[in-house]
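Notes to accompany the following structure.
The values are calculated or read from the model by the stated rules, or taken from the named source; none is laboratory data. Only a predicted model underlies this, so the values are computations on that prediction, with no experimental measurement involved. All Cβ positions, even for glycine, are placed from backbone atoms using ideal geometry, and neighbour counts span all protein chains on display.
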Amino acid sequence: MLKRFFIICSGSDAQILEDCPQGEQNKYAGIGATVFFTALMAFIAASYALYTVFDNLFTAICFGFIWGLLIFNLDRYIVSTIKKTGNIVDELIQASPRIILAVIIAVVISKPLELKIFEKEIDQVLLTEKNDMTLANKNQIEAQFAPNITTLKNDITALQNEINTKEAEVNALYDTYIAEAEGREGTKLLGKGPVYKEKREKHDAALAELQQLKADNKAKIKTLENQIAQLQGDFETQITSTQPIINNFDGLMARVNALGKLPWLPSFFIFLLFLAIETAPIFAKLLSPKGSYDFKLEDQEMAVKTIVLQNNKQRDVMLKADYALNDRIYTDIESEEELYQYKRKKARELLQLQADAFFNKQKSAL
């Protein structure tokens, strides 16, 4: 049962193989087994690749199964269409497009399995890239918010400097009227005279201005600090909202690119392995000598070709004979008077009908 299944997989004519020796049957069973297991590997590879895309096992298996059937059908077609002619050059020319197709299939099959085999190394590359992307993302977002925050902080510093300047002015006025009262400066008179009162009033006015300035500037500083807090909150929110995009940067294309950054030699050997598996049925058929199955298949095809050629030739002869008979028949009857009179009568009736129809049409137009 298994042998018959593999013979079917090889694309050969099972009915012809039944009359061939066991060695011939085993050869085509081996070719069919290679085709089947290549399709099986394609199914596994496609399922894993699609699982990384859809993150759904059922969907990945369904599409992977369809892909495996497609590869199976292509390989079966490639092997079954290679005909043994006995001339190795003709066979290589005949197989060259199929070998190119096999190379393409090998690349498609091997790449997802390479992603699985080197998964840990790829994860390390992706982790490094994610870290770099996180830092770059933070710097880019910070560049958007930093100028506004810096401007607000400068405004706060300016308001605070304004308070400090006013405080220094009030303190100087305080020192001035105290020194006047003590007789150290100004009039040099001890006591609280008119000059003292004047300087004290000037100080008190400046102190009132300072208190009002403090109240106004503190309100402004509070508003600016709230704006800074809002900007910093927006900054953190944007970082938090964009981080999942970076964390999910592990799709199929990202993994293929990460695989390309790893040493190429291990991947190349895996590709060679799948290339050998994919081209094995083709080269097995090319290298094998022309066997009884090939002779019987060629005999059957030639028999069909001969029958078709005979039928076509017979149809050509029949067509020529029919042309000759028609020529003789029409030559014989063209001189018959009875046929002439009958056709003359019908032609006259046809002309009369045409004349009547033309007359009626012209009459209706008037």
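List of remarks:
- The range 132-153 residues that are in contact (Cβ under 8 Å) with a residue 12 or more places away in the chain, paired with ones that are aromatic (Phe, Trp, Tyr) (beta carbon under 6 Å, 6 or more apart): Phe145/Phe235
Conditions (1) outside any helix (DSSP H, G or I); (2) surrounded by 13 or more Cβ atoms within 10 Å (Cβ to Cβ); (3) at pLDDT 75 or above; (4) out of contact with any Lys or Arg (no Cβ under 8 Å at 6 or more places or on another chain), marked per residue:
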| residue | (1), (2), (3), (4) |
| --- | --- |
| Arg184 | yes, no, no, yes |
| Gly191 | yes, no, no, yes |
| Ala206 | no, yes, yes, no |
| Glu209 | no, yes, yes, no |
| Gln212 | no, no, yes, yes |
| Asn217 | no, yes, yes, yes |
| Lys222 | no, no, yes, yes |
| Asn226 | no, no, yes, yes |
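- Identity of the residue in the range 44-87, charged (D, E, K, R) and over 18 Å from the mean Cα position of the chain (by Cα), that ends up surrounded by the fewest Cβ atoms within 10 Å (Cβ to Cβ): Lys83
- Taken as a whole, the structure places Gln94 among residues that are more than 25 Å from Ser267 (Cα to Cα) and surrounded by fewer than 20 Cβ atoms within 10 Å (Cβ to Cβ).
- Pair list, Cβ under 8 Å, 6 or more apart: the range 48-72 residue over 26 Å from Leu101 (Cβ atoms) and in the same structural domain as Ile31 (by TED's automatic domain parsing), other residue surrounded by 13 or more Cβ atoms within 10 Å (Cβ to Cβ) and hydroxyl-bearing (Ser, Thr, Tyr): Leu57/Tyr51
- Helices (runs of 4 or more DSSP H) within the range 252-366 that include 1 or more residues under 45 Å from the mean Cα position of the chain (by Cα), of a type outside the set (S, T, N, Q) and at negative phi: 252-260, 264-287, 292-333
- Boolean, Ile239 is in contact (Cβ under 8 Å) with a residue 12 or more places away in the chain, among the β-branched types (Val, Ile, Thr) and assigned by TED's automatic domain parsing to the domain that holds Ser96: no
- Residue, nearest to Gln160 (Cα to Cα), within the range 194-235, restricted to residues that are within 60 Å of the chain's Cα centre (by Cα) and among the acidic types (Asp, Glu): Glu225
- Of Val79, Val89, all but one fail to be in contact with a Gly (Cβ under 7 Å, 6 or more places away or on another chain), of a type in the set (Val, Ile, Thr) and farther than 30 Å from Ile245 by Cα; the exception is Val79.
- Restricting attention to the range 150-182 and to residues that are over 23 Å from Ala215 (Cα atoms) and modelled with pLDDT under 85, the residue that is surrounded by the most Cβ atoms within 10 Å (Cβ to Cβ) turns out to be Glu180.
- Condition met for Asp90 (over 26 Å from the mean Cα position of the chain (by Cα), part of a helix (DSSP H, G or I) and of a type in the set (Asp, Glu)): yes
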